[in-house]
Amino acid sequence: MAGPDVVRDMGETIAFILRAGMPVLDPSKIAVASPDEFESLRDPLKPNVTIFLYRIAVNPQLRNDPKRMGPDGSIMRQPLPIELSFLITAWAKDTRDELKIIGRILQVLYEKSELGAADLVGASWEKDDTVQLILDSLPLEDHYRIWDATKVAYRLSLTYIARVIGISPTAVLTPAPVVDAEFQIEVI
C-alpha cells in the first residue's frame, strides 16, 4: 500500500498521462492547479488543462476491512482506502478548442482507466498498487458549488474519481501479552 504522498502523486499521475496522450498541447500547460490559479486562465494565450483535487473521501466498501498480520506476527490496521475526486478543465480562447480538448481528455483517460505500477508517478506507490480512473457523473448543482467557491464563472469540466488508493498506516498494533492462561484437560 502507498504512503501519504499519494494525494500529491495521483494528481501528477493524471497530468503525466494527459501530457503523454495529448502531444498537440504544450506539456507545461497541463498542470495540477488550485482555484487561486484559475483567474489567470480566463483568457489564455495558449490552451491549458488544469487538474484540481476537490474532494477526498473514504471508500465505504473497504473502510472496515480486517486488520493485517505481518510476516513477523505484528498486527497492523488496514490501509486507509481513499478516493480522490478531480475536476479537469480545459481553458482556451475558443469554445470549440475547449470542446476538442475535453473530447481528447475523455479518450485518453478512458484508454488509461486501469493504472498499474508502470503508470503511477512518484515514489509513494508500492509495486503492486493499482488505481482506477472513473468518469464521475457529478450533478450540475455540485459543479456550480465548486465554481461558486472560485472567482471564475462556471466552466465545462470533467470530474474523475481515482480509486481505491490505500494509505498504509505507520503504527503497529501491539496486542496485550498473555499473562494468565488456564488449561483444562478433559478425561473421557
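Bear in mind that the values in this text are calculations on the coordinates, not laboratory data. Keep in mind that what you see is a predicted model, and the values were worked out from it rather than measured. So basically every Cβ, Gly included, is an ideal-geometry build from the backbone, and we count neighbours across all protein chains shown.
In table form, for the structure just shown:
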quantity: Net length gained if the chain between ILE185 and LEU156 were fully extended (0.36 nm per residue, minus Cα distance); calculated: 3.1 nm
quantity: FRET efficiency, 1/(1 + (r/R0)^6) with R0 22 Å, evaluated for GLN78 and THR130 via beta carbons; calculated: 0.85
quantity: Relative contact order [Cα under 8 Å, 6+ residues apart], segment 6-173, whole percent; calculated: 30
quantity: Contour excess over end-to-end distance, with Cα ends at THR170 and ALA149 and 0.36 nm allotted per residue; calculated: 4.1 nm
quantity: Folded to 0 to 90 degrees: helix 95-111 orientation relative to the chain principal axis, Cα; calculated: 30
quantity: Helix-derived mean residue ellipticity, 222 nm - over the chain, DSSP H n ≥ 4, -39500 (n - 2.57), to 500; calculated: -7000 deg cm²/dmol
quantity: Label assignment, Rg and Dmax of the Cα atoms in Å derived from the structure, set (1) 17.2, 50; (2) 29.4, 112; (3) 22.1, 91; calculated: (3)
quantity: Stretchable slack from LYS93 to VAL58, in nm (0.36 nm times residue separation minus alpha-carbon distance); calculated: 8.8 nm
